[in-house]
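The values are calculated or read from the model by the stated rules, or taken from the named source; none is laboratory data. What you see is a predicted model, and the numbers here were worked out from it, not measured in a lab. So basically every Cβ, Gly included, is an ideal-geometry build from the backbone, and we count neighbours across all protein chains shown. We work out accessible area using only protein heavy atoms, side chains counted, and drop any ligands, DNA or RNA first. Shrake-Rupley method; radii C 1.70, N 1.55, O 1.52, S 1.80 Å.
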Amino acid sequence: MMKFVLLATVVGLAACQFQQFRSPGRQFFRGPPQRFGVQADDVRGGSEYYYSWRHDGGRTYTGNAAASLCTSLGGGWQPVGISSPDEVAYINSIVGRERLQYTWTGGIRSGNGFRWQNGEPFSVADWSHTGGFRRPQPDNREGQENCLAILNNFYNDGIKWHDVACHHVKPVICERRA
């Protein structure tokens, strides 16, 4: 009898915990759980990618809040670092296919240049030839443009990189090594 009571208690506790994750009003990630409970939207080239707008109702974030969102996913998620021409083309295709106006990356100013927050080498660049002052990017037009965003034809320049003040709000692409 004691074994039955113990088994019923364990099953009941498990059912209560499962219900907690299904409660209305609680916001969790869509899709089946994966490692660390986060569903990647795509896997490619040794990385998994997570698109914030698919999980949060289209919210936008400051550059710092976008980075915090990615790291809060746990399991090594960071804002995307783009370290090859192939990855530039891939990320640009996401921006175009998803019809995003813009998105944050993990690029941040470091001295006179930029670096990726996830530690990948900053070895390629896809900077725009123009911007608000019609100067090649990065131009630090607003002063303190310390974040790197991808803009979708914002200045009639195609899908290109721009240095942007981090207080602007945008969705974010997160990445982790698979």
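Data for the structure
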| item | result |
| --- | --- |
| Residue tally, condition within 21 Å of S93 (Cα to Cα) and over 10 Å from the mean Cα position of the chain (by Cα), over segment 67-83 | 2 |
| Among (1) part of a helix (DSSP H, G or I); (2) at pLDDT below 95, the one test that P32 misses | (1) |
| Residue that is nearest to the chain's Cα centre (by Cα) [pool: residues in segment 41-66 that are among the small types (G, A, S) and open to solvent by 30 Å² or more (accessible area, probe 1.4 Å)] | A65 |
| Selection status of G74, farther than 19 Å from K160 by Cα, open to solvent by less than 50 Å² (accessible area, probe 1.4 Å) and assigned to a loop (DSSP other than H, G, I, E, B) | yes |
| Subset of segment 150-172 [over 14 Å from A65 (Cα atoms) and either small (G, A, S) or assigned to a loop (DSSP other than H, G, I, E, B) (or both)] | N153, F154, Y155, N156, D157, G158 |
| Residue count for segment 105-123, restricted to those that are of a type in the set (S, T, N, Q) and assigned to a loop (DSSP other than H, G, I, E, B) | 4 |
| So V95, is it surrounded by fewer than 22 Cβ atoms within 10 Å (Cβ to Cβ), under 24 Å from D56 (Cα atoms) and aliphatic (A, V, I, L, M) | yes |
| Filtered residue count, segment 100-114, keeping only those that are surrounded by fewer than 20 Cβ atoms within 10 Å (Cβ to Cβ) and under 16 Å from the mean Cα position of the chain (by Cα) | 4 |
| Residue selected from segment 153-178 under the condition within 18 Å of E87 (Cβ to Cβ) and open to solvent by 50 Å² or more (accessible area, probe 1.4 Å), by the criterion nearest to the chain's Cα centre (by Cα) | R177 |
| Check on R141, at negative phi, free of Cβ contacts under 8 Å to residues at least 24 places away in the same chain, of a type in the set (D, E, K, R) and not in a loop (DSSP other than H, G, I, E, B) | no |
